[in-house]
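Quick notes on the structure that follows.
The values are calculated or read from the model by the stated rules, or taken from the named source; none is laboratory data. For clarity, every value in this text was computed on a predicted model and none was experimentally measured. We place every Cβ from the backbone using ideal geometry, glycine too, and count neighbours over all the protein chains shown.
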Amino acid sequence: MMGQLTSGEIESLLRDCVLGRIGCTDGEKVYVVPISYAYDGQYIYCHTHEGLKIDILRRHPAVGFEVERLENLANWQTVIAHGVFEELTDPALRLDALKKLYDRRLPAITSQTTKLNEEWPFGAESLSQIEGIALRIKLDSKTGRFEKAGEAVGTHVTA
């Protein structure tokens, strides 16, 4: 069965996941990149470094954002959202974003991209000392879809 996620299911998926994909464009090419994030019900918060996505987002702040939960190809949920990128240069807003990222619940096995600093899971003496770019995306639209398979019917092989 396929269907649409409710607004509560959309919010739950956005809060529970830690890896999404940002889609942006320079007007000619579309660029999609995975990024770790935190969500507070209004904004997607991310931490990154200078590079192509930041160059594009500074010039074209309209963003697509996608997140998914994939059990298998017949059981999944996905959310597609749209919003506007904002680089957080104000020290108080930047610190708030880094705190949200630092406080999120991460899987036991994680990657370099989810770590805010080399000492993770231990914090820097001050989050304000963490280098890089803090950003947020104000979401203005969200949709979600799912597929849920029934009991699998197949061939049972016995020895």
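Take the conditions (1) within 24 Å of Leu70 (Cα to Cα); (2) loosely packed, with under 10 Cβ neighbours inside 10 Å; (3) at pLDDT below 90; Ser141 misses just one of them, which is (3). Checking each residue in the range 70-93 for being touching a Ser or Thr at 6+ places or on another chain (Cβ under 8 Å) and modelled with pLDDT under 95 picks out only Pro91. Mind listing whichever residues of the range 61-109 are under 14 Å from Cys46 (Cβ atoms) and of a type in the set (D, E, K, R)? Residues satisfying the conditions are Glu66, Glu86, Glu87, Arg94, Asp96, Lys99, Lys100, Arg104. Give the range 33-73 a look and list any residue that's farther than 13 Å from Cys17 by Cβ, aliphatic (A, V, I, L, M) and exposed (fewer than 12 other Cβ atoms within 10 Å of the Cβ), or say none. If the condition is that a residue be farther than 13 Å from Cys17 by Cβ, aliphatic (A, V, I, L, M) and exposed (fewer than 12 other Cβ atoms within 10 Å of the Cβ), then Leu73 is the only one that fits. Residues in the range 11-44 that are of a type in the set (D, E, K, R) and more than 19 Å from Glu71 (Cα to Cα) were compared, and the one that is farthest from the chain's Cα centre (by Cα) is Glu28.
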